[in-house]
Amino acid sequence: MLRLTRQQVRQIDQTAIEHYGMSGLVLMENAGRGAAEAIHRIAPSGDLVVLCGKGNNAGDGYVIARHLDLMNRTVKVVSVVPLGSLTGDAAANANIAVRAGLDIEVVEDPAELEATLGSAAILVDCLLGTGATGDPQGVYADAVRTANAADAIRIAIDIPTGLDVDTGVPGEPTFQADATLTFVAEKTGFATKEAREFLGIVEVISIGIPKKMLPV
Ligand SMILES: NC(=O)C1=CN([C@@H]2O[C@H](COP(=O)(O)OP(=O)(O)OC[C@H]3O[C@@H](n4cnc5c(N)ncnc54)[C@H](O)[C@@H]3O)[C@@H](O)[C@H]2O)[C@H](O)CC1
Ligand SMILES: [K+]
């Protein structure tokens, strides 16, 4: 089983863009579309809330929401940061989602989170990905705790927010996923028993990175 470190994955991303001339937006579109199709297969019915932070993990979330909407699913994006704080490919996809008229809510007050997640049947974690360092802070931590307490199916995108992808050590708090849809390859930290408790079933989603770029 191929497992990559956080650094290796980020390096592959960089090389695909800088050396192979692939576009970050294409990688993000492949990531979001692949994840949306897997979500629809795992949980074919029920309203969805996609929890978004501000990095490219969040960017994936806006792509996921657009593709779930295209599959006639009822989906809402809940952003824990103002959309203006997004940059690059994440901002581009948040902008597309806004112009596409998708249901997007910005919730920065943790007290409002529970009501906003409401009765969603499925919660998708696009809060933090491989750019996270340390335990989730502030409203991110509140969002993870609220999601973990909800009566819903929980699906993590790339990694469960809070899990250290290299060591497999769960942070405080860590998103308790029923399934984790991870890009390119599993991460080295997924091998530990303690990580498995937060990962749920793991599915690798290809994002179009050429096979030649993957360490054998
Ligand atoms: N090749 C690939 O695998 C691709 C992956 N994609 C997705 O991109 C993310 C990584 O995106 P990045 O912007 O580097 O990081 P994050 O989205 O994780 O956001 C980090 C952002 O969040 C803040 N932050 C960091 N640590 C914390 C913390 N402990 N608490 C609160 N906030 C935190 C900080 O501001 C950071 O800037 C990857 O996981 C994939 O989902 C691409 O979409 C496609 C290619
Ligand atoms: K995540």
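The values are calculated or read from the model by the stated rules, or taken from the named source; none is laboratory data. Everything numeric in this text was worked out from a predicted model, so none of it was measured. Cβ placement follows ideal geometry from the backbone for every residue including glycine, while neighbour counts extend to all protein chains displayed. Only protein heavy atoms, including side chains, enter the accessible area calculation; ligands, DNA and RNA are left aside. Shrake-Rupley method; radii C 1.70, N 1.55, O 1.52, S 1.80 Å.
Worth pointing out:
- Unmet requirement for T174, which otherwise passes all of (1) of a type in the set (V, I, T); (2) touching a Pro at 6+ places or on another chain (Cβ under 9 Å); (3) open to solvent by 40 Å² or more (accessible area, probe 1.4 Å): (3)
- Contact map, the range 120-131: first residue within 13 Å of G61 (Cβ to Cβ) and in contact (Cβ under 8 Å) with a residue 12 or more places away in the chain, second residue aromatic (F, W, Y) and near ligand 2 (Cβ under 9 Å from one of its atoms), Cβ cut-off under 9 Å, separation 6 or more or different chains; pairs are L123/F175; D125/F175; L127/F175; L128/F175.
- Residue count for the range 27-58, restricted to those that are outside any helix (DSSP H, G or I) and open to solvent by 50 Å² or more (accessible area, probe 1.4 Å): 4
- The sole residue among D164, D135, D158 that is of a type in the set (D, E, K, R), within 13 Å of ligand 1 (Cβ to nearest atom), open to solvent by less than 20 Å² (accessible area, probe 1.4 Å) and modelled with pLDDT of 95 or more is D158.
- Exclusive hit being small (G, A, S) and over 23 Å from S45 (Cβ atoms), set A141, A156: A141
- Test: N93 is over 20 Å from A179 (Cα atoms), open to solvent by 40 Å² or more (accessible area, probe 1.4 Å) and among the polar types (S, T, N, Q): no
- Among (1) touching a Gly at 6+ places or on another chain (Cβ under 7 Å); (2) more than 10 Å from ligand 2 (Cβ to nearest atom) - the single one L128 does not satisfy: (2)
- Residue match in the range 72-86 (condition: out of contact with any Asp or Glu (no Cβ under 9 Å at 6 or more places or on another chain), surrounded by 23 or more Cβ atoms within 10 Å (Cβ to Cβ), assigned to a helix (DSSP H, G or I) and among the hydrophobic types (A, V, I, L, M, F, W, C)): no
- Positions within the range 87-105 being in a loop (DSSP other than H, G, I, E, B) and within 14 Å of V63 (Cα to Cα), in sequence order: A100, G101, L102
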